[in-house]
Amino acid sequence: MNVQPFDKEPQRLRALVTARMVIAWRLWLEVVCALLRRRRPSQAVAANLGPGLRFSLHKGAISSIVVALTVIASCVDIPLIHLLSNNHVPAALRGTFHAALLALNAAGLIWIIGQRSAVTHIPHVVGPVILRLRVGFRLEFDLPLSAVSGASILKGSPREWIPARGLTRADVTLVTPMDEPNVLLEIGGDLDAVRGLRAGRAMRSTRYLAIRVDDAEGFRRAIAR
């Protein structure tokens, strides 16, 4: 009797799609709760991160600009696209076409605003034993503080400091939304001690983790204490 090998790819795909849907749902709730002045999902996540020193990212220049540009585009560019494309769409399909454009625009706004809200409300936590790194709902790392062999302040873009430190891009995991990192953590010992998830999917850590926080020097001192 021939036994066919069990194919895990469909399971992995389903798990990935499910994780993405959960993140999309959380981002939608994030925006709705903000509008209704209710407790946001990100605040619930932050409350469950345990004791420790908390370091947030409220001053991310690039991510803040992206939010502003997205809102401006929704108010200016999108109506213009609707107007200019109207004559190029058959009359019978115009309602569906404009509804689809509005849905895509709304989805983009929810993703950008929800992600920015989650990033600012979910901090990195330097606990007594465990270091918890978070980027909104999308990325998380948990590792023993004893696994961190060093923390240093970063200046400039990754294109500058990665080669300057004798590293390659493959050596570094960026634990940031879209802003340039300002702290570099070096992981010593066994990398299996680091638990990483990207969009709900397990990922193996590299030797270096680059993060961004408002108080980079305070974070470095908290790691070194």
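The values are calculated or read from the model by the stated rules, or taken from the named source; none is laboratory data. This is a predicted model, so every value here is computed, not measured. Cβ placement follows ideal geometry from the backbone for every residue including glycine, while neighbour counts extend to all protein chains displayed.
What the table shows:
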read-out	value
Residue list for region 63-80, filter: surrounded by 14 or more Cβ atoms within 10 Å (Cβ to Cβ) and either among the hydrophobic types (A, V, I, L, M, F, W, C) or not in a helix (DSSP H, G or I) (or both)	VAL66, VAL67, ALA73, ILE78
Residues being more than 25 Å from SER157 (Cα to Cα) and not small (Gly, Ala, Ser) - total across region 195-219	2
Pick from region 18-33, criterion of a type outside the set (Asp, Glu) and in contact with a helix residue (DSSP H, G or I) (Cβ under 6 Å, 6 or more places away or on another chain), ranking: farthest from ALA202 (Cα to Cα)	VAL31
Criterion (of a type outside the set (S, T, N, Q) and touching a residue at least 60 places away in the same chain (Cβ under 8 Å)) met by exactly one of HIS124, HIS98	HIS124
Given (1) within 26 Å of ALA202 (Cβ to Cβ); (2) modelled with pLDDT of 90 or more, number of the condition ALA15 does not satisfy	(2)
Restricting region 200-225 to residues that are part of a strand (DSSP E or B) and either β-branched (Val, Ile, Thr) or farther than 14 Å from GLU180 by Cα (or both), the residue that is nearest to the chain's Cα centre (by Cα)	ILE211
Top-ranked residue of region 183-208 - restricted to ones that are farther than 30 Å from VAL17 by Cα and not acidic (Asp, Glu), ranked as surrounded by the most Cβ atoms within 10 Å (Cβ to Cβ)	LEU185
Wholly within region 102-199, strands (runs of 3 or more DSSP E) carrying at least 1 residues that are at pLDDT below 90	195-198
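Conditions (1) within 29 Å of GLU30 (Cβ to Cβ); (2) surrounded by fewer than 20 Cβ atoms within 10 Å (Cβ to Cβ), marked per residue:
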| position | (1), (2) |
| --- | --- |
| ALA118 | yes, no |
| GLY127 | yes, yes |
| LEU131 | yes, no |
| SER146 | no, yes |
| GLY150 | no, yes |
| ILE153 | no, yes |
| ARG159 | no, yes |
| ARG169 | no, yes |
| PRO181 | yes, no |
